[in-house]
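Everything on this sheet refers to the single structure shown next.
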Amino acid sequence: MDCWELLLFTWIICFFSLPSDGLHRIPLKKMASIKESMKTRGDLLEKLKMALGTQINENNSMDAVLSLGLYNFVDNQYYGEISIGSPPQTFKVIFDTGSSDFWVPSSHCDPVDSICEFHNQYDASISSTYRPNGSEFFIEYESGWVEGFLSQDTLTIGGIKMTQVFVEATEFSVIPFGLAWFDGILGLGYSEQSVSRITPVFDNIMTQGVLEEDVFSIYYSRSSEQKAGELILGGSDPNYYQGTFHYIKTSHPDFWQIPMQGVAVESQVVSCEAGCDAVVETGSSFITGPTDSISELMKIIGAEKHGKEYLVECDLASTLPDISFNFDGKDFTLQGSDYVLENEDSSNEMCLVALHGKNIGPLWRLGTTFIQKFYIEFDRHNNRIGLALAA
């Protein structure tokens, strides 16, 4: 084979290895429930008891689970697979637009009272492409914390391979990570959000020049099928939405945050009358709003407060009033069946309302509850978010 034939052969291989539509797709799966986690991870129960100083077991009622505030991080989230190293080591990660750092459990996890044994662990010693860094890392999320150190290796995501600095996590808070089916978190936020001050994964991808557009999109289905959603790098898929995208420019240069003009129950505006901001956060399960606003909203729909959460009778979900979020004069509306979580326990007549109050000022967070209804496009080139009714 002469050099021209070799070049032609190489070009053909490269061409046909590219996605046919120019998009890089990562299938997403929906997480198992908290109850399922408890049933399948018996050893974990002892660690939870030690951490919580309370009684908890696989037969706990919804009351016990709600009192711990666990639903908001575990039961209504999606994860996909990426790999690190050579040969590749596979991890299940949440893709989170509310943060920018990327971490997975390390083989150097603290062996004492560690939850790492319940997750895949990155082992640098078996990767030929590993390079040490060693800088310390600590991040505190709303629901827990992670600490570890930085390393560098080859990351493969959606068929894209690149060198990436990431965090080897060595210690975690048991809640919520002990109950989580995912191994780590891959932040899709802006670089200014990065605690570690490293180049975030999507920024790194953009510099590779492999995307047709500096865009990614997220589709979440309420289905419990194996493929319950998809993260698409480089664009969006018309099969996942109806009509056209409604684009809103971001209101903050460092966050996926957009201006909102009101939150209404039916035609009654209950919050954000004078305008406020909303963060579209793929790593959050619920819709979160100011405590007073959520309290008023729950009063209107007739929900009962239980600890930090709100419950309604399951068979009333389809009769509950619509809740609308207004962006640039266009309402994005959730029906009762959209914002009430189905209860896997058929003996329990009460279901969880997937809205949560938090004293975070006038800011709202639109998590999985919202994204299941609307397909979201995150456009870094134009610093805007596109919303369309999911198909």
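If the condition is being among the hydrophobic types (A, V, I, L, M, F, W, C), over 18 Å from ASP379 (Cβ atoms) and not in a strand (DSSP E or B), then the range 155-209 contributes VAL174, ILE175, PHE177, LEU179, ALA180, TRP181, PHE182, VAL195, ILE198. Scanning the range 291-305 for residues that are in contact with a Phe, Trp or Tyr (Cβ under 7 Å, 6 or more places away or on another chain) and hydroxyl-bearing (Ser, Thr, Tyr) turns up nothing.
What's the total number of residues in the range 239-276 that are hydroxyl-bearing (Ser, Thr, Tyr) and not in a loop (DSSP other than H, G, I, E, B)? Summing the residues that are hydroxyl-bearing (Ser, Thr, Tyr) and not in a loop (DSSP other than H, G, I, E, B) in the range 239-276 gives 4.
Only one entry in PHE95, PHE91 is closer than 29 Å to LEU341 by Cα, at pLDDT 90 or above and over 14 Å from the mean Cα position of the chain (by Cα), namely PHE91. Looking at SER284, SER293, just one residue is in the same structural domain as HIS356 (by the TED database), buried (at least 22 other Cβ atoms within 10 Å of the Cβ) and touching a residue at least 40 places away in the same chain (Cβ under 8 Å), and that residue is SER284. Residues in the range 277-316 that are closer than 30 Å to SER100 by Cα and in a strand (DSSP E or B): 8 in all.
Counting just the residues of the range 317-338 that are outside any strand (DSSP E or B) and of a type in the set (Gly, Ala, Ser), which one comes out surrounded by the fewest Cβ atoms within 10 Å (Cβ to Cβ)?
Filtering the range 317-338 for residues outside any strand (DSSP E or B) gives 317-322, 328-329, 335-338.
Narrowing further to those that are of a type in the set (Gly, Ala, Ser): 317-318, 329, 336-337.
Values: ALA317: 19, SER318: 10, GLY329: 8, GLY336: 17, SER337: 12.
Step by step, filter the range 317-338, then rank; the result is GLY329.
For GLU168, state whether it is modelled with pLDDT of 95 or more, not assigned by the TED database to the domain that holds GLY134 and not small (Gly, Ala, Ser). No. Just one of ALA32, ALA64 is assigned to a helix (DSSP H, G or I) and either modelled with pLDDT under 60 or of a type in the set (A, V, I, L, M) (or both); which is it? Just one listed residue meets the conditions, ALA64.
Has the range 109-131 got at least one residue that is under 30 Å from LEU211 (Cα atoms), buried (at least 21 other Cβ atoms within 10 Å of the Cβ) and among the small types (Gly, Ala, Ser)? Scanning the range 109-131 turns up no residue that is under 30 Å from LEU211 (Cα atoms), buried (at least 21 other Cβ atoms within 10 Å of the Cβ) and among the small types (Gly, Ala, Ser). Within the range 242-268, being modelled with pLDDT of 95 or more and under 25 Å from LEU320 (Cα atoms) holds for GLN242, MET260, GLN261, GLY262, VAL263, ALA264, VAL265.
The values are calculated or read from the model by the stated rules, or taken from the named source; none is laboratory data. As the structure is a prediction and not an experimental result, all values here were calculated from the model. Reconstructed Cβ throughout: ideal geometry from the backbone, glycine too, with neighbour counts over all protein chains shown.
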